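The values are calculated or read from the model by the stated rules, or taken from the named source; none is laboratory data. All values reported here derive from a predicted model rather than from experimental measurement. Cβ atoms come from the backbone with ideal geometry, glycine included; neighbour counts cover every protein chain shown.
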Amino acid sequence: MTFTGKAFRLTHRLDSSIKIAHLVFDLEGEKVNKFNRLVMSEFADLLVELKKESAEIDVLLLTSGKKGNFIAGADITLIQSAKTAQEATELARAGQKLIDLWEDLPFPRVVAIDGTCMGGGCELSLASTAILMSKSSQARIGLPETLLGIIPGMGGCVRMPWKIGIAQSLELILAGKTLTGEKACKAGLADALLEKEDFEGNALSWIKKEIGRLRSGARIGREPKLGGIGGVAGSLMENTWVGRKVIFKKAREGVLAKTKGKYPAVLEAIDVIESVGTGYRKILEGAERDAALIREAEGFGRVAATEVSKNLIQLFFMTEAIKKSNGVSTVAAADAADRKLQSAGVVGAGVMGGGIAQLFADKGIAVEMKDIAQPALELGIASALSLFQKSLKKRAITKRQFDQKLNLITPTLSYVGFRKAELVVEAVIEKMDVKKSVLAELEKHVSDQAVIASNTSSLSISEMQTALVRPDRFVGMHFFNPVHRMPLVEVIRGSQSSDGSIITTYQACKQLGKMPVVVKDSPGFLVNRLLMPYLAEAATLLMSGVGMDRIDSVLLDFGMPMGPIELIDEVGLDVGEKVAGILKAAFGDRMLAPDAFGKLIEKKWLGKKTGRGFYVYEGSKKVKSLDPEIYSVLGISMRSEPMEASEILDRCILGMVNEASRCLEEKVIAGPADLDLAMIMGTGFPPFRGGLARYADARGLSAIVERLEELSKTVGPRFAPAPSLVAYAKSGSGFYGAT
Ligand SMILES: NC(=O)c1ccc[n+]([C@@H]2O[C@H](COP(=O)([O-])OP(=O)(O)OC[C@H]3O[C@@H](n4cnc5c(N)ncnc54)[C@H](O)[C@@H]3O)[C@@H](O)[C@H]2O)c1
């Protein structure tokens, strides 16, 4: 039998008397293979036919027709569109039945993976007799469902443990981790690692060699490290009632410590794996398999219907949209999308310049790093060196890569190597006159095609443009500190920036592994402008006698990665004061930070960088016990009654919501989705809440307007709801619905 459908092609070949049916998954009109309704129906029909042909098939080989992708998983829009838990459960059951059909074929099934194999793709692989992977770095396998707030629902929770044991399965599933071929083999998930060159030929040769074991169903891959430790002790852990209890208890504790119970899918995954009683080599069949899969599908339905999962899926689509966009249009010009930077420059080798140069080098881009002071260059190189050393220690890079990356940074006191740079980022001190003179000088030393960007966090891009002969080539490129860790970059369009410069900068961000959002050139851009009322209010609460640990813990409970008072320490009180001054000048008292901070700045208690701010630090660690001196230095008398958590929360968060509505109205950012992405990536706003705008929509804008009116009467006029927020509320459809 041969077959050519919209998703699959089937051919037969006779190889050394072995009858191999070769199935190629190649979904028409798509870049990646995924299980959508069409694929599921075509695949199910094909599997029924293949079963009838079993006399003609010794082995079935599945490969992909897509470059760099084996199977991306289930079509996420299907999951997103499931409105109720029951609908989502039914969806999972349909997927599971398909995988069962595959597993029940009466001949060995081999999957040969030379690209990404995620979610449903991995679950299909788990129901196969053998998993082959290529040595290509693009070949990766895993179950990332929990990152979308769901659990593997096509048998992954049930079959992963029988292949690699419970402890390793939990590690993979709970973190949504994916493995390269080499690591998958080591874990016992993949059965063989084959050369990428002529991968299909290698897979066929492997099948011929292993036909005996394939037929007998004997395990081919490595033994997994049971219990996370391996050996007899590990085996005892996984195969005894007490041992298992310990494994699941530890998993729950670990998850709760990390997520504080805000992400239900990870807990559900543990419950499912524990309750279905699966384990290493414990292949479930018949009614036992059905019962286990039904339990998994119910768990899937439960979490897929939560707001958390909807928010995380939305976030996934937002990041996907960035991949397709070029910052100017979502239909990216092909030439710009494919153009990769080879050479860059950085001016200013301080905290930010050093970090940006390190990032360029890390991504294989040669970078000239200029400063006016030799010690600054030495510091810049030292901080890059320390980051590369960490990667080397973690074995994320080899010694050779370490040398190569480090060699890509050229520290210099002159502009001599800048002619070849395609993008130069200015990161000198935050003073307009200094920046203008540096930019005017720099422009004389770059090529006509070069784009120049400033990393300023608060100065006007449009004003800096006046220093340049060609202002069109100039944009803002606002990285956050620390550069290697913070995913967001605000790409700022000045009044004269050209589309081409925006596109180059936007694409460069993606090449650097960052998440760009385009924002208008206005004071504080987006993220700092939204953060200011939040931080200022936290400081005001502190001055009114609310303990700073209390304020921080309320916001940590809300899901922020760090409390606002600690965040001020992290940013530095001096930096914060400067930005606050600029924002207050632009927007008035709603950005007002308490004056009393001057006392801390005078004492050089600037935050983490000086070892003392509101909190006390030893190295980079916060010292746990509070320093009561801070209250007397600031002249604070503590409240006798503790303030309600909801009061603290509303005062900190709703000021941000109010400001967000102004930013949307002023078109500082394209829309609520970009705003949410920027807040999640730039401030760590809890992803499970879907972002600031989505949080506000979920609470209801009318309720928020009412609460702001109340706060404006009881606390101060800074809370008066913005006319744009009132208008959004009146429209009745929220930020998302109203745009
Ligand atoms: N530190 C942050 O958290 C942060 C975050 C985002 C953006 N920024 C912005 O990044 C820029 C740099 O900030 P930073 O914190 O790295 O400052 P920094 O003081 O650590 O570094 C500034 C560097 O610029 C050098 N420099 C000064 N004049 C120069 C000139 N004419 N030519 C070449 N080099 C010169 C200095 O020697 C110094 O090494 C500022 O615009 C700042 O607003 C800072």
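Among the candidates 731, 702, 712, 724, single out the residue that is surrounded by fewer than 17 Cβ atoms within 10 Å (Cβ to Cβ) and touching a residue at least 12 places away in the same chain (Cβ under 8 Å). If you could, list the steps in order and put the result at the bottom.
Values: 731 fails: touching a residue at least 12 places away in the same chain (Cβ under 8 Å); 712 fails: touching a residue at least 12 places away in the same chain (Cβ under 8 Å); 724 fails: surrounded by fewer than 17 Cβ atoms within 10 Å (Cβ to Cβ).
One residue alone meets the criteria, 702.
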- Task: Would you kindly identify the helices (runs of 4 or more DSSP H) lying entirely within the range 498-575 that contain at least 1 residues that are closer than 30 Å to residue 421 by Cα?
- Result: 499-511, 527-543
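If I ask for residues that are surrounded by 19 or more Cβ atoms within 10 Å (Cβ to Cβ), of a type outside the set (Val, Ile, Thr), more than 13 Å from the ligand (Cβ to nearest atom) and not in a helix (DSSP H, G or I), which ones from the range 468-488 would you list? Even if it seems obvious, please write down each step before you answer.
Step one: list which residues in the range 468-488 are surrounded by 19 or more Cβ atoms within 10 Å (Cβ to Cβ), which gives 471, 473-480, 483, 488.
Among the residues that remain, those that are also of a type outside the set (Val, Ile, Thr) are: 471, 473-474, 476-480, 488.
Checking the rest, the ones that are also more than 13 Å from the ligand (Cβ to nearest atom) come to 471, 473-474.
Residue satisfying the conditions is 474 alone.
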- Query: Can you spot a residue in the range 36-45 that is touching a Gly at 6+ places or on another chain (Cβ under 7 Å) and closer than 19 Å to residue 130 by Cα?
  - Reply: no
- Item | Filtered residue count, the range 600-621, keeping only those that are closer than 22 Å to residue 531 by Cα and in contact with a helix residue (DSSP H, G or I) (Cβ under 8 Å, 6 or more places away or on another chain) | 9
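Filter the range 360-394 down to residues that are within 13 Å of the ligand (Cβ to nearest atom) and either in contact with a Gly (Cβ under 9 Å, 6 or more places away or on another chain) or not polar (S, T, N, Q) (or both), then give me how many there are.
Taking the range 360-394 as the starting set, the residues that turn out to be within 13 Å of the ligand (Cβ to nearest atom) are 368-383.
Retained after the next criterion (residues that are either in contact with a Gly (Cβ under 9 Å, 6 or more places away or on another chain) or not polar (S, T, N, Q) (or both)): 368-373, 375-383.
Residues flagged as within 13 Å of the ligand (Cβ to nearest atom) and either in contact with a Gly (Cβ under 9 Å, 6 or more places away or on another chain) or not polar (S, T, N, Q) (or both) within the range 360-394 amount to 15.
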- Item | Residue satisfying condition, being over 30 Å from residue 265 (Cα atoms), touching a residue at least 40 places away in the same chain (Cβ under 8 Å), surrounded by fewer than 20 Cβ atoms within 10 Å (Cβ to Cβ) and of a type outside the set (S, T, N, Q), within set 9, 37 | 9
- Item | When residues of the range 403-426 are limited to those that are surrounded by 14 or more Cβ atoms within 10 Å (Cβ to Cβ) and of a type in the set (Asp, Glu), the one nearest to residue 454 (Cα to Cα) | 426
- Message: When you scan the range 417-424, do you find a residue that is closer than 26 Å to residue 677 by Cα, of a type outside the set (A, V, I, L, M) and over 26 Å from the mean Cα position of the chain (by Cα), even just one?
- Response: no
- Sole residue being more than 16 Å from the ligand (Cβ to nearest atom) and touching a Phe, Trp or Tyr at 6+ places or on another chain (Cβ under 8 Å), chosen from 511, 496: 496
- Task: Identify all residues within the range 404-451 that are more than 23 Å from residue 362 (Cα to Cα), more than 16 Å from the ligand (Cβ to nearest atom) and either in contact with a strand residue (DSSP E or B) (Cβ under 8 Å, 6 or more places away or on another chain) or not small (Gly, Ala, Ser) (or both); write none if there are none.
- Result: 448, 449
- Message: Tell me whether the range 21-32 contains one or more residues that are in contact with a Phe, Trp or Tyr (Cβ under 7 Å, 6 or more places away or on another chain), at pLDDT 95 or above and aromatic (Phe, Trp, Tyr).
- Response: yes
- Message: Restricting to the range 670-688, name every residue that is buried (at least 24 other Cβ atoms within 10 Å of the Cβ) and either β-branched (Val, Ile, Thr) or in contact with a Phe, Trp or Tyr (Cβ under 7 Å, 6 or more places away or on another chain) (or both).
- Response: 672, 679, 680
- Note on the structure: Taking the range 45-71 and the residues there that are assigned to a helix (DSSP H, G or I) and of a type outside the set (A, V, I, L, M, F, W, C), the one that is surrounded by the fewest Cβ atoms within 10 Å (Cβ to Cβ) would be 52
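Any idea which residue in the range 452-467 is farthest from the ligand (Cβ to nearest atom), counting only those that are aliphatic (A, V, I, L, M) and in a loop (DSSP other than H, G, I, E, B)?
Start the filter on the range 452-467 by keeping residues that are aliphatic (A, V, I, L, M), which leaves 452-453, 459, 461, 464, 467.
Narrowing further to those that are in a loop (DSSP other than H, G, I, E, B): 459, 467.
On the way: 459: 7, 467: 13 Å.
Restricting to residues being aliphatic (A, V, I, L, M) and in a loop (DSSP other than H, G, I, E, B), the top hit is 467.
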- Message: Can you report the number of residues in the range 22-44 which are in contact with a helix residue (DSSP H, G or I) (Cβ under 7 Å, 6 or more places away or on another chain) and in a strand (DSSP E or B)?
- Response: 1
